[in-house]
Structures are given as structure tokens and as C-alpha cells.
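This report concerns only the one structure given below.
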Amino acid sequence: MTDPIADTDLIAFVDGQLDVMRRLDVEAYLAGHPDVAARVMAEMHDRDALRESFAPSPGPGPDRLR
């Protein structure tokens with residue numbers, strides 16, 4: 001039997017910080033809890049948006065910034 005899924009597990013799942021076995025536990029939990037899965041998906045979307053907003057811009061910057 002595995003430990004109950006806690007918010008810390010969900011945060012680690014979003015951040016990709018779980019080991020394989022715990023990740024599988026969380027995925028199984030999310031499959032049975034669509035409301036929590038929706039929240040996790042929203043957090044993953046926010047995470048991706050933040051990463052994208054801080055990603056280096058492609059190519060050189062404007063001349064006035066060099």
C-alpha cells in the first residue's frame with residue numbers, strides 16, 4: 001500500500017521531481033480524481049507559461065540595448 005497523495009506530491013509532480021514509482025502513484029490518483037487533475041493541469045500550464053516568459057529571446061536584441 002502506498003502513502004496517500006499529498007499536496008507536496010502534486011507540486012513535485014508538476015515540477016517533475018518524483019521518482020518513477022511515486023509518479024505512477026500520482027498519475028493513478030489523478031485518473032480517479034478529475035477535479036484534482038484539472039488543478040494540476042492548470043498548474044502545469046502556468047509553469048510552462050512562466051518558463052516561456054523567461055526564456056531567452058531568439059536572435060539578437062534591439063541595437064539600442066547592445
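Given +1 at the Cβ of Lys and Arg, -1 at the Cβ of Asp and Glu and no other charges, the dipole of the chain around its Cα centre is 420 debye to the nearest 20.
How are the Cα pair distances of the chain distributed, in percent, across 5 Å bins from 0? Percent of pairs per bin, in order: 4, 15, 21, 18, 11, 8, 6, 6, 5, 4, 2, 0, 0. Full extension of the chain between MET21 and THR8 gives 3.1 nm of extra length, using 0.36 nm per residue less the Cα-Cα distance. Look at the dipole of the chain built from charges on Cβ: of GLN17, HIS33, SER57, the Cα furthest out on the positive end belongs to SER57.
Quick note: the coordinates plus some simple rules give every number you see, no bench work behind them. Computed from a predicted structure; not experimentally measured. Note: ideal-geometry Cβ built from the backbone for every residue, glycine included; neighbour counts use all protein chains shown.
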